[in-house]
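The values are calculated or read from the model by the stated rules, or taken from the named source; none is laboratory data. Since the model is a prediction, treat every value here as computed from it, not as a measurement. Backbone-built Cβ (ideal geometry, glycine too); neighbour counts: all protein chains shown. The area values use the complete protein model at the heavy-atom level, side chains included, leaving out ligands, DNA and RNA. Shrake-Rupley method; radii C 1.70, N 1.55, O 1.52, S 1.80 Å.
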Amino acid sequence: MSALAKQDNIPANAAAKPAANVVPFSRRPTSRIDLKHIGSIVLRNVVPPMVVLGLILMVWQVLCSSPDASLPSPLVVWQQSYDLIAYPFFNNGSQDIGLGWRVLVSLQRVAYGFGLAAVAGVVVGAIIGQSVWAMRGLDPIFQVLRTVPPLAWLPLSLAAFQNASPSAIFVIFITSIWPVIINTAVGVRNIPQDYRNVAKVLRLNQFEFFFKIMLPSAAPYIFTGLRIGIGLSWLAIVAAEMLTGGVGIGFFIWDAWNSSRLPDIIVALAYIGIVGFALDKLVSALGSIITRGASAN
Amino acid sequence: MNAYLKLDHIDKHFDRGGNRAEVLKDINLIIEKGEFVSIIGHSGCGKSTLLNLIAGLAPVSAGAVLLENREVNSPGPERAVVFQNHSLLPWLSVYENVNLAVSKVFGRAKNKAERHDWVMANLDLVQMAHAKDKRPSEISGGMKQRVGIARALAMEPKILLLDEPFGALDALTRAHLQDAVMEIHARLGNTMVMITHDVDEAVLLSDRIVMMTNGPAARIGEVLDVPIARPRHRIELASDRAYLKCREAVLKFLYERHRFVEAAE
């Protein structure tokens with residue numbers, strides 16, 4: 001995208017030059033909205049997936065249109081679950097609420113669990129990256145623990161917290177913390193010796209070193225870890241909610257399965273996918289804003 | 001001689017798995033206040049290690065580094081280093097890079113406005129005030145090195161240590177920066193120690209040139225006085241008798257008596 005913006009800026013600048021005696025370096029040529037530019041972005045990024053989506057829906061419709069098909073066709077989904085698709089935020093009482101609300105409840109749990117995991121993961125990762133002995137001691141353990149599937153933690157978590165909601169949050173936490181720890185540790189280990197020398201000559205204390213050198217220098221690695229982590233936590237929350245109940249999107253799917261509302265499940269899947277996609281893009285956008293310039297040397 | 005910086009019988013060796021690699025052996029050197037001293041030698045002779053010892057970035061194995069008769073064994077802003085590859089923090093602007101040093105060293109001594117003025121004064125000194133809001137990735141290699149010098153000078157160091165500061169620059173840029181360093185040295189009268197492998201650079205800038213023998217266990221082979229009046233101009237010096245003589249002496253040392261033999265062992 002940035003390459004495209006540059007390409008468009010160059011001719012605009014060149015055209016402005018002969019018109020004035022003073023070369024207008026400070027004038028921004030993108031003051032008006034460039035319809036052509038936006039049009040080409042839409043053409044490249046939106047049209048192809050739409051075409052493919054249309055094709056998939058068509059094939060799906062053809063495959064599932066026979067009366068004895070075991071799964072509902074897209075048209076059936078549209079007709080039977082229209083209220084879920086069209087009104088994400090209706091509220092008719094405790095269990096009869098729009099999917100938007102359910103997603104928000106799930107997102108809240110993810111926010112708690114993932115927020116804790118992000119903070120704890122960066123701190124622990126920084127310690128492991130800084131200390132050879134902490135790495136030797138902890139890294140093998142983490143490598144084993146990170147392969148444990150999220151749901152395997154749930155019974156233990158329920159036993160420990162005696163309550164569904166903190167258990168779900170704990171499962172999110174324990175699922176998403178490993179990539180954050182491991183990536184932060186790698187990032188910290190890769191801080192160039194030059195930056196460490198600068199810190200030493202300036203006599204930065206541990207605290208200053210952490211915020212002024214370590215975090216910005218390891219930021220690209222940290223955000224890679226966060227991005228993997230948020231994906232994992234979104235995977236885990238749906239599974240955890242299926243078992244713990246409540247009002248989240250995961251429980252909704254389980255509930256719909258128990259009352260044989262297959263079209264609702266399909267709508268819920270679409271919601272989960274879109275929200276997961278949005279979360280991933282959010283963290284990655286945040287990362288590219290914050291780490292701007294950090295990797296360029 | 002007035003000892004400002006004194007290197008007193010310094011040895012340095014690295015131990016790796018029972019093997020001892022001798023790098024420096026019995027280094028003795030006294031540097032006066034305001035002196036410009038170059039350390040020259042073939043690559044691998046341990047001259048960068050010597051600078052790291054003075055900076056305190058590496059510990060000495062034996063002997064001591066004394067600054068104003070006090071032993072130094074950890075890094076600190078009174079021995080500021082200009083690193084070979086500038087070592088600017090890429091996520092900070094030029095101003096913020098210098099300001100990081102200023103606010104750390106003068107955080108208590110100066111108020112905010114004074115610190116700002118001091119940052120700008122040092123950027124002015126290296127003629128980089130115009131680029132204060134640029135990031136290191138947006139300026140040229142020579143400019144980065146100027147900012148690195150400004151950052152080091154902003155710490156008001158007792159000794160400025162330059163670790164092959166112009167090694168990565170093209171010849172023209174290097175000449176500009178050498179002139180800039182000479183001017184700063186003339187104006188501020190800092191004590192400077194520079195590592196280099198460029199004979200002309202050493203003769204042009206230094207009051208004395210310390211020539212190192214080849215490693216392992218490198219020593220100071222010879223110390224050459226450069227009896228050329230300041231200010232010096234590179235064009236006039238090109239045919240100056242004293243200059244040519246010094247140049248010849250260094251070249252002879254490096255290429256006749258202590259020729260660099262690759263894979264000596």
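Going through segment B:104-119 one residue at a time, which ones are open to solvent by 30 Å² or more (accessible area, probe 1.4 Å) and either more than 10 Å from chain A (Cβ to nearest Cβ) or part of a loop (DSSP other than H, G, I, E, B) (or both)? Outline the logic, then answer.
Taking segment B:104-119 as the starting set, the residues that turn out to be open to solvent by 30 Å² or more (accessible area, probe 1.4 Å) are B:104-105, B:107-118.
Correct list: B:Gly107, B:Arg108, B:Ala109, B:Lys110, B:Asn111, B:Lys112, B:Ala113, B:Glu114, B:Arg115, B:His116, B:Asp117, B:Trp118.
Where in segment B:175-231 are there strands (runs of 3 or more DSSP E), lying wholly inside it, with at least 1 residues that are within 11 Å of B:Ile39 (Cα to Cα) and polar (S, T, N, Q)? Walk me through how you get there before you give the answer.
Numbers: elements: B:191-196, B:208-212, B:220-225.
Qualifying strands (runs of 3 or more DSSP E): B:191-196.
Quick check on my filter: what residues within segment B:199-222 are basic (Lys, Arg) and closer than 30 Å to B:Ile235 by Cα?
Our first condition is that a residue be basic (Lys, Arg); within segment B:199-222, this holds for B:208, B:219.
Passing the criteria: only B:Arg208.
Look through B:Ser87, B:Ser140 and report the one residue that is closer than 21 Å to B:Asp179 by Cα and either within 24 Å of the chain's Cα centre (by Cα) or among the basic types (Lys, Arg) (or both). It would help to see each step written out before you state the result.
Numbers: B:Ser87 fails: closer than 21 Å to B:Asp179 by Cα.
From the options B:Ser87, B:Ser140, the qualifying one is B:Ser140.
Which of the residues belonging to segment B:27-47 are among the charged types (D, E, K, R) and modelled with pLDDT of 90 or more?
Going residue by residue through segment B:27-47, those that are among the charged types (D, E, K, R) are B:32-33, B:35, B:47.
Those that are among the charged types (D, E, K, R) and modelled with pLDDT of 90 or more: B:Glu32, B:Lys33, B:Glu35.
Give the residue, chosen from A:Ser284, A:Ser288, A:Ser260, A:Ser295, that is modelled with pLDDT under 90 and away from chain B (no Cβ under 14 Å). Steps first, answer last, please.
Numbers: A:Ser284 fails: modelled with pLDDT under 90; A:Ser288 fails: away from chain B (no Cβ under 14 Å); A:Ser295 fails: away from chain B (no Cβ under 14 Å).
Just one listed residue meets the conditions, A:Ser260.
Give segment A:180-208 a look and list any residue that's surrounded by fewer than 15 Cβ atoms within 10 Å (Cβ to Cβ) and without any contact (Cβ under 8 Å) to a residue 24 or more places away in the chain, or say none.
A:Gln193, A:Arg203, A:Asn205, A:Gln206, A:Phe207, listed by residue number.
Give the residue that is farthest from the chain's Cα centre (by Cα), with candidates limited to residues of segment A:111-148 that are surrounded by 12 or more Cβ atoms within 10 Å (Cβ to Cβ) and outside any helix (DSSP H, G or I).
A:Ser131
Counting only residues that are more than 14 Å from chain B (Cβ to nearest Cβ) and among the hydroxyl-bearing types (Ser, Thr, Tyr), how many does segment A:194-248 have?
Of the residues in that region, 3 qualify.
Name the single residue, out of those in segment B:147-177 being open to solvent by less than 10 Å² (accessible area, probe 1.4 Å) and free of Cβ contacts under 8 Å to residues at least 40 places away in the same chain, that is nearest to the other protein chains (Cβ to nearest Cβ).
Top of the filtered list is B:Phe166.
State all residues of segment B:54-95 that are surrounded by fewer than 18 Cβ atoms within 10 Å (Cβ to Cβ), farther than 19 Å from A:Gln193 by Cα and within 12 Å of chain A (Cβ to nearest Cβ); if no residue qualifies, say none.
Correct list: B:Glu78 only.
With the requirement that a residue be within 18 Å of B:Ala3 (Cβ to Cβ) and over 14 Å from the mean Cα position of the chain (by Cα), what does segment B:57-84 give you?
From segment B:57-84, those within 18 Å of B:Ala3 (Cβ to Cβ) are B:60, B:63-73, B:78-79; that's our starting set.
Across segment B:57-84, the qualifying residues are B:Val60, B:Gly63, B:Ala64, B:Val65, B:Leu66, B:Leu67, B:Glu68, B:Asn69, B:Arg70, B:Glu71, B:Val72, B:Asn73.
If A:Lys281 meets every condition in (1) under 20 Å from A:Pro88 (Cβ atoms); (2) charged (D, E, K, R); (3) open to solvent by 30 Å² or more (accessible area, probe 1.4 Å); (4) in contact (Cβ under 8 Å) with a residue 24 or more places away in the chain apart from one, which number is that one?
(4)
Among what's in segment B:120-130 and is open to solvent by 10 Å² or more (accessible area, probe 1.4 Å) and at negative phi, pick the residue that is nearest to the other protein chains (Cβ to nearest Cβ).
Step one: of segment B:120-130, the residues open to solvent by 10 Å² or more (accessible area, probe 1.4 Å) are B:120-121, B:124-125, B:127, B:129-130.
Subsequent filtering for residues that are at negative phi retains B:120-121, B:124-125, B:129-130.
Working: B:Met120: 19, B:Ala121: 19, B:Asp124: 22, B:Leu125: 19, B:Ala129: 18, B:His130: 13 Å.
Of everything passing the filter in segment B:120-130, B:His130 is nearest to the other protein chains (Cβ to nearest Cβ).
Check segment A:61-68 and report whether any residue there is exposed (fewer than 11 other Cβ atoms within 10 Å of the Cβ) and at pLDDT 85 or above.
Of the residues in segment A:61-68, the ones exposed (fewer than 11 other Cβ atoms within 10 Å of the Cβ) are A:62, A:66-68.
From what's left, at pLDDT 85 or above: A:62.
Checked segment A:61-68: at least one residue is exposed (fewer than 11 other Cβ atoms within 10 Å of the Cβ) and at pLDDT 85 or above.
Kindly indicate whether any position in segment A:183-196 is closer than 26 Å to B:Val98 by Cα, assigned to a helix (DSSP H, G or I), in contact with a Lys or Arg (Cβ under 9 Å, 6 or more places away or on another chain) and of a type outside the set (Gly, Ala, Ser). Full working, then the answer.
Taking segment A:183-196 first, the residues closer than 26 Å to B:Val98 by Cα are A:187-196.
Retained after the next criterion (residues that are assigned to a helix (DSSP H, G or I)): A:187-189, A:193-196.
Restricting the remaining residues to those that are in contact with a Lys or Arg (Cβ under 9 Å, 6 or more places away or on another chain) gives none.
No, segment A:183-196 has no match at all.
Restricting to segment B:187-210, name every residue that is among the hydrophobic types (A, V, I, L, M, F, W, C), at pLDDT 90 or above and surrounded by fewer than 22 Cβ atoms within 10 Å (Cβ to Cβ).
Residues of segment B:187-210 among the hydrophobic types (A, V, I, L, M, F, W, C): B:188, B:192-195, B:199, B:202-205, B:209-210.
If we keep only those that are at pLDDT 90 or above too, we end up with B:192-195, B:199, B:202-205, B:209-210.
Matches in segment B:187-210: B:Val199 only.
Determine if segment B:35-50 includes at least one residue that is open to solvent by less than 30 Å² (accessible area, probe 1.4 Å), within 14 Å of chain A (Cβ to nearest Cβ) and assigned to a loop (DSSP other than H, G, I, E, B).
No: zero hits.
When segment B:131-146 is examined, which residues are found to be among the acidic types (Asp, Glu) and either crowded, with 20+ Cβ neighbours inside 10 Å or in contact with a Phe, Trp or Tyr (Cβ under 8 Å, 6 or more places away or on another chain) (or both)?
Taking segment B:131-146 and keeping what is among the acidic types (Asp, Glu), we get B:133, B:138.
The answer is B:Asp133, and nothing else.
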